[in-house]
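The values are calculated or read from the model by the stated rules, or taken from the named source; none is laboratory data. Bear in mind that the values here come from a model prediction, so they are computed numbers and not experimental data. Neighbour counts run over all protein chains shown; Cβ positions are idealised from the backbone, glycine included. Ligands, DNA and RNA are stripped out before the accessible areas are found, and what is left, the full protein with its side chains, is counted by its heavy atoms. Shrake-Rupley method; radii C 1.70, N 1.55, O 1.52, S 1.80 Å.
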Amino acid sequence: MTQDAIEIDGLRVTRRGRLVLPGLDLRVPTGQVVGLLGPSGGGKSTVMRAVVGVQEVEGGRVEVLGLPAGHPDLRHRVGYVTQAPSVYGDLTVAENVSHFARLLGVRDPGAAAREAVERVDLTSHAQSRTDALSGGQRGRASLAAALVGAPELLVLDEPTVGLDPVLRRDLWGLFRQLADDGVTLLISSHVMDEASRCDRLVLLREGEVLADDTPAHLLQRTGAADAEGAFLALVDEAAA
Amino acid sequence: MNPRLTVVTAGRVLRQVLRDRRTLALMLVVPVVLMCLLAWIYADGPLFERVGPTLLTVFPFVIMFVVTSVATLRERTSGTLERLLTTPMGKGDLVLGYALAFGLLAVVQGIVVTSISGWLLGLDTEASAVWLVLVVVASGVLGTSLGLLASAFAATEFQAVQLMPATVLPQFLLCGLLVPRDQLPRALELLSDVLPLSHVVDAATAVAQQVQPRGDLATPMLVIAGWIVVALVLGSLTLRRRTP
Ligand SMILES: Nc1ncnc2c1ncn2[C@@H]1O[C@H](COP(=O)(O)OP(=O)(O)OP(=O)(O)O)[C@@H](O)[C@H]1O
Ligand SMILES: [Mg+2]
């Protein structure tokens, strides 16, 4: 498998008159966990929206699993979790997840939903309405709805925000397990200690890729002790 | 377009609405209360017989417009719309799913409100009550379709509510309830000819005044059906998969 799951060339995006991505090039190798890091407003969510085909773009090429982003054939092969949890507040966790299973044409939506809810460790709240959940629980319900169709590519916009260390560790375990099964994951995050769990890191600042490397290389190159230090070193270097 | 996805969507929307007591009350109880008030206001006169059938058909139009436009707006603001549009769901499937769900609710509303107005309040039309139910349901479905279309022009639930007076009240003034449409100034008469609510009132008038309303019902019902189709098609065309 030499082909990249995501290939972006010269992606140019303007949002409300503001040039957010001036010309982005990015590769996400198949079967890897790639972390998208960077300061707030740097364009992480915009890149992810372009990959799943909901972002209006001005120019450039975005190819996903060998097809143009947003291609109808991709819609049951790509799972997407928006930054703000997007589930129906007046439906239960199980109802939300099985609804997305039905939309994806999964054979047994109830069973598939139970399995996805189990994977995000929310079984005890499966019958709760999502507007009665904590922020982190709602985020996990939103994640379960993306897992349910067994997608080949998962685009996760800050899936671990607001979670305690134990849950974060468990979810990263899940992401690793999915990658071992051949799933490609593009995950954005603010939490720097999560960076070391990725196969590759992409540092995005003001729409430009500051670095695209393995975590080990990044530390070596910057001489920093941890991902946070490497990140700060690179941001300072770019600003200088 | 995929009928399976339309049905899945309709099922989900119905489940949400049935769980929301306020919306159910707005659809089923409020029109009944309004009709009771009307009957009380006109207790000793023949006016209830005259305006009753018309208002009975206008109320569902307004209520279904508000309920549908706010419900679809909620989909947009909650982020679930962005997510749905990354699934195999087509724009038409989503709009038709909503139309189907609220259309079914409009049928229930039409039957409940018309039956209670007949039995409890003695509202009587020349034509049989079945015709009246038909017009009330058509009016509710029309309100639903226009609400779906209107929600495309709003970004928040508040804006959706603002659209209601801006689009519905002018139609109310021109629909023939205050002044018969053929007595309006020529320009206004022409305008009222194209507005959908005018035809709801025409249909209600035919049912109220004629034992065999079929002849006078055909034109307004066709115009209403045309508006429903146009609103649903425009509603799905204005839905954007890619947004700025
Ligand atoms: N809904 C929006 N409408 C218009 N412009 C937007 C919108 N969201 C973001 N932008 C613009 O795009 C730029 C990049 O935003 P984006 O959401 O991609 O950043 P991000 O890296 O995901 O930030 P965060 O870490 O805070 O989520 C912002 O600086 C802002 O100017
Ligand atoms: Mg973001």
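At-a-glance table
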{"item": "Matching entry among A:86, A:98 (being under 19 Å from the mean Cα position of the chain (by Cα) and touching a residue at least 12 places away in the same chain (Cβ under 8 Å))", "result": "A:86"}
{"item": "Given (1) touching a Phe, Trp or Tyr at 6+ places or on another chain (Cβ under 9 Å); (2) at pLDDT below 95; (3) surrounded by 14 or more Cβ atoms within 10 Å (Cβ to Cβ); (4) not charged (D, E, K, R), number of the condition residue B:178 does not satisfy", "result": "(3)"}
{"item": "Filter pass, residue A:61 being free of Cβ contacts under 8 Å to residues at least 40 places away in the same chain and out of contact with any Phe, Trp or Tyr (no Cβ under 6 Å at 6 or more places or on another chain)", "result": "no"}
{"item": "Residue within segment A:176-188 that is over 13 Å from residue A:32 (Cα atoms), within 16 Å of ligand 1 (Cβ to nearest atom) and touching a Leu at 6+ places or on another chain (Cβ under 7 Å) present", "result": "yes"}
{"item": "Failed item, numbered, when residue A:139 is tested on (1) touching a helix residue (DSSP H, G or I) at 6+ places or on another chain (Cβ under 9 Å); (2) closer than 28 Å to residue A:6 by Cβ; (3) within 14 Å of chain B (Cβ to nearest Cβ)", "result": "(1)"}
{"item": "Unmet criterion (only one of (1) at positive phi; (2) within 13 Å of the chain's Cα centre (by Cα)) for residue B:27", "result": "(1)"}
{"item": "Residue among A:85, A:29 that alone is more than 16 Å from ligand 2 (Cβ to nearest atom) and farther than 15 Å from residue B:85 by Cα", "result": "A:29"}
{"item": "Single residue of segment A:33-55 satisfying the filter (open to solvent by 20 Å² or more (accessible area, probe 1.4 Å) and at pLDDT below 95) that is farthest from residue B:86 (Cα to Cα)", "result": "A:39"}
{"item": "Filter result (open to solvent by 40 Å² or more (accessible area, probe 1.4 Å) and at pLDDT 95 or above) within segment A:1-17", "result": "A:9, A:12, A:14, A:15"}
{"item": "Matching helices (runs of 4 or more DSSP H) fully within segment B:17-106 where at least 1 residues are open to solvent by 50 Å² or more (accessible area, probe 1.4 Å), more than 10 Å from chain A (Cβ to nearest Cβ) and touching a helix residue (DSSP H, G or I) at 6+ places or on another chain (Cβ under 6 Å)", "result": "B:21-41"}
{"item": "Subset of segment A:186-238 (residues that are of a type in the set (S, T, N, Q), surrounded by 15 or more Cβ atoms within 10 Å (Cβ to Cβ) and more than 16 Å from ligand 2 (Cβ to nearest atom))", "result": "A:196, A:222"}
{"item": "Count - residues of segment A:32-79 that are more than 13 Å from ligand 2 (Cβ to nearest atom) and not β-branched (Val, Ile, Thr)", "result": "23"}
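Residue by residue, here is whether (1) at the interface with chain B (Cβ under 10 Å from one of its Cβ atoms); (2) over 21 Å from the mean Cα position of the chain (by Cα) holds:
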position: A:49; (1), (2): yes, no
position: A:61; (1), (2): no, no
position: A:66; (1), (2): no, no
position: A:70; (1), (2): yes, no
position: A:79; (1), (2): yes, no
position: A:93; (1), (2): no, no
position: A:113; (1), (2): no, no
position: A:120; (1), (2): no, no
position: A:123; (1), (2): no, yes
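This table checks each residue for (1) of a type outside the set (Val, Ile, Thr); (2) more than 23 Å from residue A:3 (Cβ to Cβ); (3) not in a strand (DSSP E or B).
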| residue | (1), (2), (3) |
| --- | --- |
| A:20 | no, yes, no |
| A:24 | yes, no, no |
| A:28 | no, no, no |
| A:36 | yes, no, no |
| A:50 | yes, no, yes |
| A:57 | no, no, yes |
| A:70 | yes, no, yes |
